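Asker: The structure that follows is given in the form of structure tokens.
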Amino acid sequence: MLMKEYRICMPLTVDEYRIGQLYMISKHSCEQSGGGEGVEVVRNESEIHPQHGQGQLTEKRIYLSSKLPSWAKAIVPRFFYVTEKAWNFYPYTITGVCVSFLPKFSIRIETRFENNNGDNVNVSMTEREREVFGDTPTPAENVSFLDILSDPIPEKHYKETEDLSRWQSSKTGRGPLERGWRDDHQPIMCSYKRVECSFEVYGFQTRTEEFIHRNIRDILLVGHRQAVAWIDEWHGLSLEEVREYEQAMQEKTNSKVKANQNNTGPPAASRPAFSRSLSVTDERSLKKMGVTTAAMSDPDASSVPHSPIRLNSTPE
């Protein structure tokens with residue numbers, strides 16, 4: 001298991017980012033979907049978490065076969081998706097990711113947002129947050145600051161309109177950002193993300209976990225840059241208004257993903273016989289996520305282990 005904590009600062013307040021985050025995720029997902037790949041939202045609704053109370057539960061299927069490196073394509077079917085379940089207890093969230101046919105793969109991301117520049121070593125938490133994240137701080141050597149201004153992103157994701165060295169907000173008067181902006185900019189907030197990735201397959205574990213972290217790093221940089229660059233599109237929206245936008249974009253995104261899949265034939269024909277969704281976290285992590293497991297019949301059950309896979313540690 002490879003664990004890292006990423007800290008990403010933005011020239012926003014935590015209250016502002018509650019709207020900006022929802023807007024950014026919806027628009028970004030729609031932009032990245034098409035050709036039978038992208039993000040399908042299965043459910044997005046307010047729900048009571050059995051341990052942590054009221055929250056927003058979102059379940060997504062992320063289709064991304066073509067984005068895998070060649071060595072990974074050798075061990076996965078031609079078409080597949082990852083399942084993401086996220087609980088939003090803003091200003092903190094828990095996200096779990098699993099793959100339908102890889103019981104030894106898991107990602108867990110714990111996020112909390114604070115109005116500071118990322119310098120909080122022992123991130124202040126309420127009693128409720130401690131139940132989610134625990135009291136143990138991330139080792140300093142595992143903490144990385146990501147700079148939305150100067151850190152490199154994949155060339156294919158670069159857009160001049162999202163370059164924060166050129167960005168200027170007409171609504172807020174913020175921007176452009178300059179080198180060292182994190183030291184004295186106001187307002188400023190930090191997204192603290194503790195990411196645990198596990199793929200316990202001999203010969204593939206190290207490079208798979210490193211590959212996942214590299215991709216998560218890129219996703220975090222691009223997403224947080226866009227949340228800031230798009231501020232004039234979402235600033236001033238109410239929570240109800242951004243939820244309406246979210247719903248409209250989800251319907252559009254789902255249509256883009258399904259349209260191509262329908263044109264290329266039934267997805268089931270391209271997937272392996274064993275396609276049920278497996279939990280890949282250990283018992284304590286499942287309880288954290290409020291997920292329960294149930295026995296399922298499977299035509300190939302004789303070739304599938306019936307006991308849960310034990311990980312080296314608890315896995316977002």
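The values are calculated or read from the model by the stated rules, or taken from the named source; none is laboratory data. Predicted, not measured: the structure shown is a model, and the values here were computed from it. Virtual Cβ from ideal backbone geometry, glycine too; neighbours counted across all protein chains shown. In case anyone asks, the SASA skips ligands and DNA or RNA and just uses the protein heavy atoms, side chains included. Shrake-Rupley method; radii C 1.70, N 1.55, O 1.52, S 1.80 Å.
Asker: Can you give the net charge of the other residues whose Cβ lies under 12 Å from the Cβ of Cys30, counting K and R as +1 and D and E as -1?
Answerer: Values: positive: Lys27, Lys252, Lys256; negative: Glu31, Glu40, Glu246, Glu251.
Counting the neighbours of Cys30, the net charge comes to -1.
Asker: Sticking with this one: Tabulate in residue order the Karplus-calculated ³J(HN,Hα) for segment 204-217, using 6.51 cos²θ - 1.76 cosθ + 1.60 with θ = phi - 60°, rounded to whole Hz; enter x for Gly and Pro.
Answerer: Here the 3J(HN,Hα) series is 10, 4, 4, 6, 5, 5, 5, 4, 4, 5, 4, 6, 5, 4 Hz.
Asker: Starting from the Cα of Ile219, move 7 Å in the Cα-to-Cβ direction to define the label point; list residues of segment 33-65 whose amide nitrogen is under 14 Å from there.
Answerer: Residues passing the 14 Å test: 33, 38-41, 59-65.
Asker: Here is a follow-up. Using θ = phi - 60° and the Karplus form 6.51 cos²θ - 1.76 cosθ + 1.60, what ³J(HN,Hα) does each residue of segment 46-51 get, whole Hz, x for Gly and Pro?
Answerer: In residue order, the calculated couplings are 6, 8, 8, 6, x, 10 Hz.
Asker: Over segment 1-48, with every protein chain in place, what whole percent of the accessible area is carbon and sulfur at 1.4 Å, could you tell me?
Answerer: Numbers: 810 of 1710 Å².
The C+S portion of the solvent-accessible surface of segment 1-48 is 48 percent.
Asker: For segment 89-104, in order, what is each residue's ³J(HN,Hα) by Karplus, 6.51 cos²θ - 1.76 cosθ + 1.60 with θ = phi - 60°, in whole Hz (x at glycine and Pro)?
Answerer: With the stated coefficients, segment 89-104 comes to 10, 2, x, 9, 9, 10, 10, x, 10, 9, 10, 4, 10, 10, x, 9 Hz.
Asker: Next up: Please compute the modelled spin-label separation between Lys258 and Lys159, points set 7 Å along Cα→Cβ, answer in nm with one decimal.
Answerer: Going from the Lys159 label point to the Lys258 one covers 2.6 nm.
Asker: Can you tell me what percent of all Cα-Cα pairs in segment 134-265 are more than 26 Å apart?
Answerer: Details: 3849 of 8646 pairs.
So the portion of pairs separated by more than 26 Å is 45 percent.
Asker: Extending each Cα 7 Å along its Cβ direction at Asp232 and Arg207, get the distance between those two points in nm, one decimal.
Answerer: A separation of 4.5 nm, rounded to one decimal place.
Asker: Rounded to the nearest 0.05, what FRET efficiency is calculated for Asp184 and Val42 with R0 set to 45 Å and r the Cβ-Cβ distance?
Answerer: Working: r = 43 Å, r/R0 = 0.96.
After rounding, the FRET efficiency stands at 0.55.
Asker: For Leu239 and Glu141, compute 0.36 nm times the residue count separating them, minus their Cα-Cα distance, and round to one decimal in nm. It would help to have the intermediate numbers written out before the result.
Answerer: Working: separation 98, 0.36 × 98 = 35.28 nm, distance 3.74 nm.
Gain on stretching Leu239 to Glu141: 31.5 nm.
Asker: In the structure shown, do any of Lys27/Lys159; Lys193/Lys256; Lys60/Lys156; Lys85/Lys193; Lys85/Lys156 have a Cα-Cα gap over 20 Å, and if so which?
Answerer: Numbers: Lys27/Lys159 15 Å; Lys193/Lys256 30 Å; Lys60/Lys156 24 Å; Lys85/Lys193 16 Å; Lys85/Lys156 27 Å.
From Lys27/Lys159; Lys193/Lys256; Lys60/Lys156; Lys85/Lys193; Lys85/Lys156, over 20 Å: Lys193/Lys256; Lys60/Lys156; Lys85/Lys156.
Asker: Here is a further query. Under a 5 Å amide H to amide H cut-off, with H placed in plane at 1.01 Å, what residues pair with Tyr81 once short-range neighbours are removed?
Answerer: Residues meeting the criterion, in which the H sits 1.01 Å from N, are Ser100.
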